[in-house]
Every structure is written in structure tokens, then in C-alpha cells.
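As C-alpha cells, the structure follows; a few thoughts come after it.
Please treat every number below as a calculation from the coordinates, not as lab data. It should be emphasised that the depicted structure is a prediction, and the values quoted were computed from it without experimental measurement. Counting neighbours? That spans all protein chains shown, and the Cβs are built from the backbone with ideal geometry, glycine included.
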Amino acid sequence: MRIGVPKEIKTLEFRVGATPGVVQQLRREGHEVFVEAGAGAGVGVADEVYAKAGAAILPTADAVFEAAELIVKVKEPQPIEIARLKPHHILFTYLHLAADRTQAQGLMASGCTAIAYETVTDRWGRLPLLAPMSQVAGRMAVDVGAYHLLRPHGGRGILLGGAPGVPPARVVILGGGVAGKHAAEMAIGLRADVTLFDISAARLEALDDQFGGRLKTAFSTHDAVAEILPMADLVIGCVLIPGAAAPKLATRADVAKMQSGAVLVDVAIDQGGCFETSRPTTHAAPTYVVDGVVHYCVTNMPGAAPLTSTYALSAATAPYISALASRGVDRALADDPGFAQGLNVLAGKIKHPAVARSLGL
Ligand SMILES: NC(=O)c1ccc[n+]([C@@H]2O[C@H](COP(=O)([O-])OP(=O)(O)OC[C@H]3O[C@@H](n4cnc5c(N)ncnc54)[C@H](O)[C@@H]3O)[C@@H](O)[C@H]2O)c1
């Protein structure tokens, strides 16, 4: 199959859809790979390295879309990329369509087949292509939260770990899946006082076993979350209902009751966000303030750590790219029901039920 890897064009996005190692593997399997010039620059990989791995380097994104049938990316296609998609294209990337009607309509109009990393499941029902980026985003959420809690960065001026004789900051994590667990690990490592909410008893039990007394766990209800928010210094939103828009766990009135200079990091913003006051931001202007509360709502957090993220993502996507390229989209999806869960758009229709429900399509 002819596979294309365009350069990512979302604001301050430095990741790339396939590493030279993946290109080499695809070439060994007999496929052609077209990489846009400069696609690896953000991770320090020169065009020559891709060429040595067997890729044909093409000068423009137009040329890559023209040459390839399977387009492998990282972030959702931007409008100019959607305009390049044709019915014969298979797009394999993060889409997060449930919160993005414009993109959904663009993909439907293009007639392409779009498979979303974030809704592919494995045999245990987990999300193997979301997990690597959720691990990175969960860890990063504590870094950016700690940074923005400092007074010169707009926060209340509290150190996550406190100091001898001074209590640590209170961190609240909403959602104890992959991102939430990794956020908890980091916050505990920095000696914060951490409480994690989830709706799944099994998840809370597993986290309780893993962290013992170092993590407080609680069932997530609107009242329980509303009660703890006024005491929190840093709140990290990591909830997910696969394919669906994120549930709103805090209203504007709840946020208004928080301490001035407290920080909200809404990792779930790519699915619409879990605070009523959340709206998407970029790495260029990552925060804004509502009722004195600093909001960090960057939709592509791992894009800021492209070296770590590109290699983590590529390791997870490589077998799926191989399956698509070697068996073709119909066979690859028919052979693996979890992979078929990734199918979001086909021939002008939304195929994932939760996405369709969220969009009312
Ligand atoms: N902003 C970014 O750059 C970025 C990067 C990676 C992942 N994400 C997003 O992070 C979110 C979390 O991803 P994940 O891989 O950790 O998902 P996950 O499925 O592993 O975990 C989600 C958890 O949320 C829990 N949950 C669902 N509804 C809840 C509620 N009402 N209250 C409390 N908990 C609830 C689930 O039980 C589950 O344990 C997703 O929206 C994902 O798209 C964002």
C-alpha cells in the first residue's frame, strides 16, 4: 500500500505520525512510504534519516496526499488537510470527533474512511492507542499544574509538596484511568495531598491497592466534587466515556466557589472538557482565567514533549498501520473487532455509535 506521513500543522505541534523505524518496517513489508519534507524536524529527525529508512521525501503536503492512500498523522486534520482528503483515502489519526462537529462534517463530506486512534480497543476493552498519550498528558498535567500554581505564573503561590512544617497543596484528580493514574503517581511523587474521584468501583479498588494510603479515593458524584473544589489548589480533569463528549463534573457556579489562584488542568478538553468553564487552548496561549481560577486546556498536551510522545505513540500504532497496509482496511477491521471500534467515518456517515450520539448525527 502507499502510505503518506504529512508534517503536522496544528499550532505548536511537533510530533510526527511515524518514526524512521516504523517506515523501515513498512518498507520491509513491501509498502511504499511518502514523508513530507521537514515532517520529522520537531523531533530532530532529518529528511535524510527518513530517506535512509526507505521513504520517498515529497516537498509538500499536497504531494503526500496525492501519492498516498493511507494517511498516518497525529492530530485531527486541520481544514486545509480535510480539503485534500478524497474518497479513496484512509485517514488514521486522533480525531476526537464527539466535540468537533465542523471536523465531523468535513470528514463526512470528503467521503474518506477515517479511523480514530482514541476509539480503537484491545481485547480487554482498553484503549491501546490513546493510552500512550494519556500517560504523557497525565504526567504533564502535574508539571503544568505545579508551574501555574506559582505566583509569577498566575497561581496562588503554593508549592505542591509544601515544606517542612507547612502542609502540601491539595490536588484533586477527576477520573482514575490511564491519565488519572499517571497524574496521581506524579503528584504523589511531589508529595502533594492527592484525592482521586472515579465512578468505577473496580478502578478505585485497583488504585487503592496500588497506592495504599498515599492516595485518597472517592466515588464521583456532582455533590462530592462540588464539595471538595473550594478546598483544592490543583484540579486535574481526566474523565472519559469512550467516543462521547466528556461529562461536565463542575458547573460555572462550582468553579466560582474555588480559591483565587487555584488551577484547573482539563486534560479531557479534547473530548469537550469536564468543567463548564473549559474552552480549548493552545501551547501558544495555554491558560485563561475565569472567576480567579487559572484554566489550562491545551488539546494536544503531549505535542510539547514530541520526542517522548512520538516514540511512545509510534510503538503503539505500528502494528495497526501494518495491518491496514498489508490486509487492506476491510479485512484489517473485520479481523479485529477492537480495531473496528476505531472506524469513525465511512463513505459520508459517522459509524461510531457514541460519536454519532454526541453529534446527533
Ligand atoms: N489534552 C490532551 O492533550 C490529552 C492527551 C491524552 C489524552 N487526553 C484525554 O484524557 C482523557 C482521559 O483519557 P484516559 O486514557 O485516561 O481515559 P480512561 O478511559 O483510561 O480513563 C477515564 C476514566 O474516567 C472515569 N470516568 C468516567 N466518567 C466519570 C465521572 N463522571 N467521574 C469520574 N470519573 C469518570 C472512567 O471510569 C475511567 O476510569 C480523555 O478525554 C483523553 O482523550 C487528552
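Some notes on this structure:
- Taking amide H positions as modeled 1.01 Å from N, with prolines and chain starts lacking one, the residues under 5 Å from ILE71 and 5 or more places away or on another chain are GLY4, ILE90, LEU91, PHE92.
- Per-residue ³J(HN,Hα) for the stretch 66-73, Karplus 6.51 cos²θ - 1.76 cosθ + 1.60, θ = phi - 60°, Hz, x for Gly and Pro: 5, 7, 9, 9, 9, 9, 10, 10
- The aspartates and glutamates whose alpha-carbon is closer than 19 Å to the alpha-carbon of LYS216, local same-chain residues fewer than 8 away aside, are GLU185, ASP193, ASP198, GLU205, ASP208, GLU227, ASP233.
- The 3J(HN,Hα) values that the Karplus relation (6.51, -1.76, 1.60; θ = phi - 60°) gives for the stretch 177-193 are, in residue order, x, 5, 4, x, 5, 5, 5, 4, 4, 5, 5, 5, x, 8, 6, 6, 8 Hz. Gly and Pro appear as x.
- Counting Lys and Arg as +1 and Asp and Glu as -1 over every other residue whose Cβ lies under 15 Å from the Cβ of TYR147, the net charge comes to +1.
- Using alpha-carbon coordinates, inclination of helix 306-327 to the longest axis of the chain, degrees: 40
- Phi angles of the stretch 127-133 translate, via the Karplus equation with coefficients 6.51, -1.76, 1.60 and θ = phi - 60°, into HN-Hα couplings of 10, x, 9, 8, 3, x, 6 Hz per residue; Gly and Pro are given as x.
- Neighbour counts of other Cβ atoms within 10 Å put ARG156, ARG252 in the fewest-to-most order ARG252, ARG156.
- Simple Cβ-charge dipole of the stretch 1-155, Lys/Arg +1 and Asp/Glu -1, about Cα centre, in debye nearest 20: 340
- Expected 222 nm ellipticity per residue - DSSP helices of 4 or more, -39500 (n - 2.57), all of the chain, to 500: -10500 deg cm²/dmol
- Amide H contacts for VAL239 (H built 1.01 Å from N in the peptide plane; partners 5 or more residues away or on another chain; cut-off under 5 Å): ALA268.
- The relative contact order of the chain, computed from alpha carbon pairs under 8 Å that lie at least 6 residues apart in sequence, is 19 percent.
- The alpha-carbon of LYS52 sits under 20 angstrom from the alpha-carbons of these aspartates and glutamates, leaving out residues fewer than 8 places away in its chain: GLU29, GLU32, GLU36.
- With a simple spin-label model that places each label point 7 Å from the Cα along the Cα-to-Cβ direction, the separation between TYR147 and ARG27 comes to 3.6 nm.
- Ranked THR217, THR310, criterion: other C-beta atoms within 10 Å, fewest first: THR217, THR310
- Exposure proxy for SER200, SER134, SER110: other Cβ atoms within 10 Å of each Cβ, ordered fewest to most, give SER200, SER110, SER134.
- A simple charge model with +1 on the Cβ of Lys and Arg, -1 on the Cβ of Asp and Glu and nothing else charged puts the dipole of the chain at about 80 debye relative to its Cα centre.
- For SER220, nonlocal amide neighbours, meaning residues 5 or more places apart or on other chains whose placed amide H falls under 5 Å from its own, are ASP198, ILE199.
- Listed by chain and number, the lysines whose C-alpha is less than 28 Å from the C-alpha of LYS349, apart from same-chain residues fewer than 8 away, are LYS7, LYS10, LYS73, LYS75, LYS86, LYS248.
- Added length on full extension, which subtracts the Cα-Cα distance from 0.36 nm per residue, ALA218 to TYR288: 22.3 nm
- Counting only DSSP beta bridges with both residues in the chain, the antiparallel share comes to about 20 percent.
- Antiparallel DSSP beta bridges within the stretch 131-303, percent to nearest 5: 20
- Ranked by how many other beta carbons lie within 10 Å on average, peptides 260-270, 275-285 from highest: 260-270, 275-285
- Placing unit charges on the Cβ atoms only, positive for Lys and Arg and negative for Asp and Glu, gives the stretch 153-301 a dipole magnitude near 260 debye about its Cα centre.
- When both the stretch 59-115 and the stretch 148-225 are represented by their alpha-carbon centers, they are found 37 Å apart.
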